[in-house]
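The values are calculated or read from the model by the stated rules, or taken from the named source; none is laboratory data. All of these numbers come straight from a predicted model, not from anything done at the bench. A quick note on method: Cβ atoms are made from the backbone with ideal geometry, for glycine too, and the neighbour counts reach across all protein chains shown. Ligands, DNA and RNA are stripped out before the accessible areas are found, and what is left, the full protein with its side chains, is counted by its heavy atoms. Shrake-Rupley method; radii C 1.70, N 1.55, O 1.52, S 1.80 Å.
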Amino acid sequence: MEAIGKIIATEKQPSTIEEFTFWTRKDLKLKPFDVVVVEHVKDVNGEPTKTFGVIEEISHMTDSPSALAGYISSDFGQVESTSYTERIGMNYVKCKVVGNTKNIYIPVQEGKKVYLAERDEIMEALGLNNVKHKLPAGYIEMYEGVNKQTLPVFFNSHFLIGPEGAHLNISGISGLASKTSYAMFLMKAI
C-alpha cells in the first residue's frame, strides 16, 4: 500500500503515547474518524509493530507568515485577483492513538510513514474483530474513492439484552424517523 504522509514531531507538537500528527498532501481526501496505521518500533523478538490512529482534526497550512500576507498577496483584498505563484501548502493531521499490534505504547517516531488502514487493520484498531455474541448494529464507511471501505459493526448482545445489559441511547434530530427506524432495525436483529 502507498504511504499517505509522514509523522511530524516538533518541539511544540511532540508525538505522545496518546496522539500523533502527520503531514499529507493537500489534495488527499481524509475525514475525521478515518483510521490510519503507522510503522512503529520492533518488539522484543525483532518483529515490526504498527500503531493505529483515528483522525481527529485536519488543518491546512501554507508558507504564508500571516493572514495579512494572504490579504496583500490578493492585491490588497481583491477577491477576483489571481496569484502569480501558488503558495506551498500541506495538510496537517492530528490523530488519537487507539492501539498497537503488540501493545507497545511509546510515541511514534518522527519521519515514520503513515498509511490508510486496510480492512483487517480497521477491524483490529476499532476492536470489531473480537466482538462475542454478535448482534448487527450497522455499517461504517472509511475513506473516499478507490480506497473506500465499508465494514459491518456488531454489538455484543450480552451488553444490550443479556446478563450485562443496561440501556441503549439512540440520539438524533427530531422528526426524521431515523431513530425509530434504527430501533426497529435492532429489534429485528435481536
* Comparing Leu168, Leu151, Leu160, which has the greatest mean-square fluctuation in the GNM of the chain with Cα pairs linked when under 10 Å apart? -> Leu168
* To do: Would you look at the GNM of the chain, springs on alpha carbons closer than 10 Å, and say which of Glu56, Glu141, Glu19 moves the most?
  => Glu141
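Would you please name the chymotrypsin sites (Phe, Trp or Tyr not before Pro) within the range 1-91 that are DSSP coil residues with at most 10 other C-beta atoms within 10 Å of their C-beta? Don't skip to the answer; put the middle values down first.
On the way: sites: Phe20, Phe22, Trp23, Phe33, Phe52, Tyr71, Phe76, Tyr84; in loops: Phe33, Phe76, Tyr84.
Counting only loop positions with at most 10 other Cβ atoms within 10 Å, the chymotrypsin sites (Phe, Trp or Tyr not before Pro) in the range 1-91 are Phe76, Tyr84.
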* **Residue (of Ile190, Ile106, Phe20) at the positive-pole extreme of the chain, dipole from beta-carbon charges** => Ile190
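Kindly report the accessible area of the chain per residue (heavy atoms of protein chains, probe 1.4 Å, no ligands, DNA or RNA), in Å².
Numbers: 12540 Å² over 190 residues.
I get 66 Å² per residue for this part.
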* Working from Cα positions, state the angle (0 to 90°, nearest 10) between the long axis of helix 178-189 and the longest principal axis of the chain. => 40 degrees
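Report the gain in length on full extension from Ile17 to Tyr71: 0.36 nm times residue separation, minus Cα-Cα distance, nm rounded to one decimal. Don't skip to the end; give the middle numbers.
Working: separation 54, 0.36 × 54 = 19.44 nm, distance 3.90 nm.
The Ile17-Tyr71 span can extend by a further 15.5 nm.
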* Among Gly175, Gly89, Gly145, which one shows the biggest mean-square fluctuation in a GNM of the chain, springs joining Cα atoms closer than 10 Å? -> Gly175
* On full extension of the chain, what length is gained from Ile161 through Val44, given 0.36 nm per residue of separation minus the C-alpha to C-alpha distance? -> 37.9 nm
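For the cross-link pairs Lys112/Lys132; Lys42/Lys132; Lys50/Lys94; Lys102/Lys134, which exceed 27 Å when the distance is taken from alpha carbon to alpha carbon?
Values: Lys112/Lys132 34 Å; Lys42/Lys132 30 Å; Lys50/Lys94 17 Å; Lys102/Lys134 25 Å.
Distance filter (> 27 Å) returns Lys112/Lys132; Lys42/Lys132.
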* Separation of the Lys29 and Thr82 label points, Cα + 7 Å toward Cβ, nm -> 2.5 nm
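Find me the longest stretch of the chain that has none of the exposed trypsin sites (Lys or Arg not before Pro), where exposed means in a DSSP loop (not H, G, I, E or B) with at most 14 other Cβ atoms within 10 Å. Walk me through the numbers on the way to the answer.
On the way: sites that count: Lys12, Arg25, Lys26, Lys29, Arg87, Lys132, Lys148.
Longest site-free region, per DSSP loop and neighbour criteria: 30-86.
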* Structure fact -> Which of (1) 62, 24, 9; (2) 22, 20, 17; (3) 38, 26, 14 gives semi-axes √(5λ) of the Cα gyration tensor in Å as computed here? It is (3)
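Computed FRET efficiency, Cβ-Cβ of Phe185 and Lys96, R0 41 Å: what is it to the nearest 0.05? The partial results should precede the final answer.
Details: r = 29 Å, r/R0 = 0.70.
That gives a FRET efficiency of 0.90.
Between rounded, prolate and oblate, where does the range 30-80 land on the alpha carbon gyration tensor, with a ≥ b ≥ c its root eigenvalues, rounded for a/c under 1.5, else prolate if a/b exceeds b/c?
Values: a/c = 6.38, a/b = 3.10, b/c = 2.06.
Prolate shape, in that a/c is at least 1.5 and a/b is the bigger ratio.
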* Might you report the magnitude of the Cβ-based charge dipole of the range 28-146 about its Cα centre, with Lys and Arg at +1 and Asp and Glu at -1, to the nearest 20 debye? => 500 debye
* Furthest towards positive pole of dipole, Tyr115, Asn91, Leu68, structure part the range 63-145, Cβ charges -> Tyr115
